[in-house]
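Written out below as structure tokens is the structure these notes cover.
Just so it is clear, none of the values below were taken in a lab; they were calculated from the coordinates. Source: prediction; values computed, not measured. Reconstructed Cβ throughout: ideal geometry from the backbone, glycine too, with neighbour counts over all protein chains shown.
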Amino acid sequence: MTPTDGPSRIDGVIPDSEKPLSVSSDAFRSAMRRWPSGVTIVTIVEGVRGHGMTASAFTSVSVDPPLVLVVIDKRWRSHALIESSGSFCVNILADDQRELSDRFAGRHGEIEDRFFDLDTGVATTGARYISDANAWLDCIVEQTAVAGDHSIFIGRVVACSVTAGSSGPLIYHDGDYRRLAGAGLPD
């Protein structure tokens with residue numbers, strides 16, 4: 001390929017006039033539904049009760065230092081709460097916690113206290129953790145990056161715990177919950 005092939009670049013930047021068009025939001029959502037993901041509840045400090053939301057846009061970033069990230073829509077209350085508190089706690093759900101996922105996703109309508117009747121504790125940052133989640137990671141925001149209509153919050157893990165004897169992870173795929181089958185792939 002010669003320097004004149006393809007879009008012209010100055011310092012590796014493609015001019016807006018030469019950038020390819022994006023796919024529609026509906027087409028993108030349809031394609032992304034085919035990607036299975038784990039399900040978490042991200043909790044944030046807000047008053048006495050706290051706040052929480054279901055999220056699947058979560059992953060580890062680094063072991064040293066221990067970093068994870070969550071991706072939150074800028075329009076959601078959770079986004080503003082993470083920005084103001086500078087912290088969040090990620091609760092990794094077990095495969096028998098579908099109802100809990102639905103509750104924090106707002107599928108039961110607006111509930112005044114989503115933590116009602118749950119066994120919870122208060123993590124180092126003041127965010128609540130769910131005691132019977134598979135695991136929880138309490139985080140202080142290290143970096144924030146804007147990405148379209150969402151923000152990527154990178155958090156340093158300051159405390160975490162794994163529930164002994166917990167079951168497999170809750171998986172979300174193609175608009176429904178799934179669970180892992182079998183004991184894994186053969187060697």
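Could you estimate the translational diffusion coefficient of the chain from the Stokes-Einstein equation, with Rh from the Kirkwood formula over C-alpha pairs, at 20 °C and 1.002 mPa s, in whole µm²/s? Before the final figure, lay out each step's value.
Working: Rh = 18.4 Å.
Answer, rounded: 117 µm²/s.
Taking the Cα centre as origin and putting +1 on Lys and Arg beta-carbons and -1 on Asp and Glu beta-carbons, what dipole magnitude results for region 61-187, to the nearest 20 debye?
On the way: 11 positive and 19 negative charges, 48 e Å.
In debye, rounded to 20, region 61-187 gives about 240.
Considering the options SER167, THR125, LEU180, tell which one lies farthest towards the positive end of the dipole of the chain, charges being +1 on Lys and Arg and -1 on Asp and Glu at the Cβ, about the Cα centre.
Farthest towards the positive pole: LEU180.
Antiparallel versus total DSSP beta bridges in the chain: what percent is that, nearest 5?
Numbers: 49 of 49 bridges.
Percentage antiparallel, nearest 5: 100.
Hey, what's the per residue convex hull volume over the C-alpha atoms of region 79-149, in cubic angstrom? List each step's numbers first, then the result.
Working: hull volume 9.0 nm³, N = 71.
Cα convex hull per residue, to the nearest whole number: 126 Å³.
List the relative contact order of the chain as a percent without decimals, with contacts defined as Cα pairs under 8 Å and 6+ residues apart. Let's see the in-between values first.
Working: 338 pairs, mean separation 44.5, N = 187.
After rounding, I find 24 percent.
Which log10 I(q)/I(0) values, to two decimals, does region 127-187 give at q = 0.30 Å⁻¹ under the Debye formula with one point per Cα?
Scattering profile of region 127-187, log10 relative to I(0): -1.12.
Counting only GluC sites (Glu not before Pro) that sit in a DSSP loop (anything but H, G, I, E, B) with at most 15 other Cβ atoms within 10 Å, what is the longest stretch of the chain containing none of them? Before the final figure, lay out each step's value.
Working: sites that count: GLU110, GLU112.
Formally, the longest exposed-site-free interval is 1-109.
Within region 18-83, which trypsin sites (Lys or Arg not before Pro) sit in a loop by DSSP and count at most 14 neighbouring Cβ atoms inside 10 Å?
Details: sites: ARG29, ARG33, ARG34, ARG49, LYS74, ARG75, ARG77; in loops: ARG33, ARG34, ARG49, LYS74, ARG75.
In loop regions of region 18-83 (DSSP not H, G, I, E or B), the sparsely surrounded trypsin sites (Lys or Arg not before Pro) are ARG33, ARG34, ARG49, LYS74, ARG75.
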